[in-house]
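Report on one structure; see the data block that follows.
Derivation of every value follows stated rules applied to the coordinates shown; laboratory data play no part. For clarity, every value in this text was computed on a predicted model and none was experimentally measured. Cβ sites come from the backbone with ideal geometry, for glycine too, and all protein chains shown count toward neighbours.
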Amino acid sequence: MTQAEGKYTIKAVSNMLSVQPGTLRAWERRYNIMKPYRNEAGHRLYTDEQLMILKWLVNKVNEGFTIGQAVDLFSKDNMVNLADVNALNRTQMQKIKQDLLIALLAFDETKANELLDHAFNVFSMEKVVITILGDMLMDLEEKFENNEITAAHHYYVTSYMRTRIGMVLHYLPTNSLLPKVICVCAPNEKNEIDLLIFAFFLRRRGYETIYIGSGISTADVIQVVEEITPKMVIICCTMVEHLVTTFKHTKNELNHNFPDLLIGLKGPALKHLSADDYNGYESYLVGETEEQWLTWLRRYS
């Protein structure tokens, strides 16, 4: 079984599966089901693959098998096909994403809440926020750019997303041993959703994430950095016309004043970089996917 770096605590897994942490530890000890990743504090962290295996085992127990029988089934002829499970999950998430966007574009908040609450009950918070809401945001922006929806529709959906992601973000715990991170929109930017999703990604991993958002001047950002002394600042740029200002803000101001500060750039506008700009700012580019985000953090933080 793959032993990639885990991301779900035993408490989170316990809540998702309705299985006591002590039971999970006993299964691990008695049946050698898996070996979760351990963080610096020695706490168990489970991977997506391990979570799926545990879900499969719990389903078998709920069907009437003992855990020993379920482990035996898993270990022999009826080993779960993780690729099939992943495909099924992707299909389910795609359907929820589509239905959620339809409900929101119809200004049906009741239906949207039902769909999103169901998603949080079925999938991990990361899958809901990063995969479902993150993909929905891209669909929304495409519709807006193609004039398929009005500015009122766009504003309503993004306001809803901002509220729901913000509710999740501020309840996540942080790890005082991990670096402080400031998340801020680029100068003149107003769209915060892409930044909120990345702030969630960081907070989910325990980073002390100070979310500032939009409407903050360069001078104010500099002052906050002086007060907080974070290890990194994440800047989000969604509109191509703001790229030049974003680069000036990054290199000429933040880098100039804080040469040891790690700066990450993200956002849809960065997909339109010229070859020269890409080469000049490659080390700043956080990427677009969760895998790219993890790679950037491991490489530069």
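Key figures for this structure:
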{"item": "Whether the range 74-218 is rounded, prolate or oblate, judged on the alpha carbon gyration tensor where a/c under 1.5 counts as rounded", "result": "oblate"}
{"item": "Counted charge near Ser214, where neighbours are those whose Cβ lies closer than 10 Å (Asp, Glu -1; Lys, Arg +1)", "result": "-1"}
{"item": "Per-residue Cβ neighbour rank within 10 angstrom, fewest leading, Lys251, Lys271", "result": "Lys271, Lys251"}
{"item": "Environment charge at Thr174 (Cβ cut-off 14 Å; Lys +1, Arg +1, Asp -1, Glu -1)", "result": "+4"}
{"item": "Of all DSSP beta bridges in the chain, antiparallel share, percent nearest 5", "result": "20"}
{"item": "Viscosity 1.567 mPa s, temperature 4 °C, Stokes-Einstein D of the range 25-69 from Kirkwood C-alpha radius, µm²/s", "result": "113"}
{"item": "Exposure proxy ranking, count of Cβ atoms within 10 Å, fewest first, for Ser217, Ser124, Ser176", "result": "Ser176, Ser217, Ser124"}
{"item": "For the range 141-218, convex hull of alpha carbons as volume per residue, Å³", "result": "91"}
{"item": "Quotient of C-alpha Rg and 2.2 N^0.38 Å, computed over the range 83-169", "result": "1.06"}
{"item": "28 Å Cα-Cα threshold exceeded, pairs from Lys111/Lys266; Lys55/Lys271; Lys127/Lys266; Lys7/Lys266; Lys111/Lys180; Lys55/Lys180", "result": "Lys111/Lys266; Lys55/Lys271; Lys111/Lys180; Lys55/Lys180"}
{"item": "Longest to shortest principal axis, alpha-carbon extents of the range 123-175, angstrom", "result": "43, 18, 17"}
{"item": "Mean shadow area of the chain over all directions, Cα convex hull, nm²", "result": "17.3"}
{"item": "Radius 11 Å from Cβ of Lys266, net charge of other residues (Lys, Arg +1; Asp, Glu -1)", "result": "-1"}
{"item": "Inter-site label distance for Thr66 and Asn146 at 7 Å from Cα along Cβ, in nm", "result": "5.7"}
{"item": "Principal axis box of the range 180-300, alpha-carbon based, largest edge first, Å", "result": "34, 32, 27"}
{"item": "Residues Lys60, Lys180, Lys266 arranged by fewest to most Cβ contacts within 10 Å", "result": "Lys180, Lys60, Lys266"}
